[in-house]
Amino acid sequence: MPDITPDEFRRVMGRLATGVTIVTTRAGDDVHGTTMSAVCSVSLQPQLVLVCVDHESDIQALIRESGVFAINILHEGQAGLAVELSHKGTPEQQAAHRLENLPHRNGATGAPLLEDSLAHVECRVEDTVEAGDHTIYVGSVVGAGVSPSADRPLLHYGGRYGSLSSDS
C-alpha cells in the first residue's frame, strides 16, 4: 500500500487538466445527470468510451438498470452547471440532478442530451469493471454530435474550472 493519503492523491491527480462533462441516463421515468471528468475514449474500432462512476453516486444504480448513458461535453460558459450538478443533498440539488429545469432532449437510447452542450456521445453499456470505490462503464457508441454554436471546452484543473486561453 502506498504511503500517500487520499487528499494527497487527489491533489496530485488534480494536476491533470481534464474536460468536464455531464453524464446522463434514463431508467423508466427516472432521469439523472451528474458532473464527471473521469471520462475518456477507449477505442476507434469498435467505438468505445468509458466513464468512472463513484459507488456513492446517485447515477450508479440508474446506469446499471438502464444499460445506457450519454456524455455531454461542456463548453467554457457552463462552469455554473458543472458546479450545480456536482453537489447533492438538498431538495434543490436533487431536482437539478433530475434535470427538471435544464433543456434537454432524449437521444436514441433515451438518455438525455443537453441542449447547450459542446458535444455529446450516446452509449450502451458494453462492459463493467469494478475498480476500488468506482465502477468503470465501457460504453459502445451509438450516436454522437457536435454543437455548431460553441467551440471552447470547459476544463478542470487543480480543483477549479477554467478555459483555454485566447492564444490556444
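The values are calculated or read from the model by the stated rules, or taken from the named source; none is laboratory data. Source: prediction; values computed, not measured. Quick reminder, even Gly has a Cβ in these numbers, built from the backbone with ideal geometry, and neighbours come from all protein chains shown. With ligands, DNA and RNA removed, areas are computed over all heavy atoms of the protein, side chains included. Shrake-Rupley method; radii C 1.70, N 1.55, O 1.52, S 1.80 Å.
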Filter the stretch 118-142 for residues that are in a strand (DSSP E or B) and open to solvent by 80 Å² or more (accessible area, probe 1.4 Å); the one that is nearest to Leu154 (Cα to Cα) is Arg124
Which numbered condition Ser57 misses (of (1) of a type in the set (S, T, N, Q); (2) free of Cβ contacts under 8 Å to residues at least 24 places away in the same chain; (3) under 22 Å from Leu118 (Cα atoms))
(3)
So which residues in the stretch 97-130 are modelled with pLDDT under 95 and over 25 Å from Ala144 (Cβ atoms)?
Glu100, Asn101
Does the stretch 155-163 contain any residue that is in contact (Cβ under 8 Å) with a residue 24 or more places away in the chain, open to solvent by less than 40 Å² (accessible area, probe 1.4 Å) and hydrophobic (A, V, I, L, M, F, W, C)?
no
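Evaluate the stretch 41-51: report whether one residue or more is hydroxyl-bearing (Ser, Thr, Tyr) and free of Cβ contacts under 8 Å to residues at least 24 places away in the same chain. Before you say what the answer is, go through the steps one by one.
Just the residues of the stretch 41-51 that are hydroxyl-bearing (Ser, Thr, Tyr), to begin with: 41, 43.
Now drop any that are not free of Cβ contacts under 8 Å to residues at least 24 places away in the same chain, which leaves 41, 43.
Checking the stretch 41-51: at least one residue is hydroxyl-bearing (Ser, Thr, Tyr) and free of Cβ contacts under 8 Å to residues at least 24 places away in the same chain.
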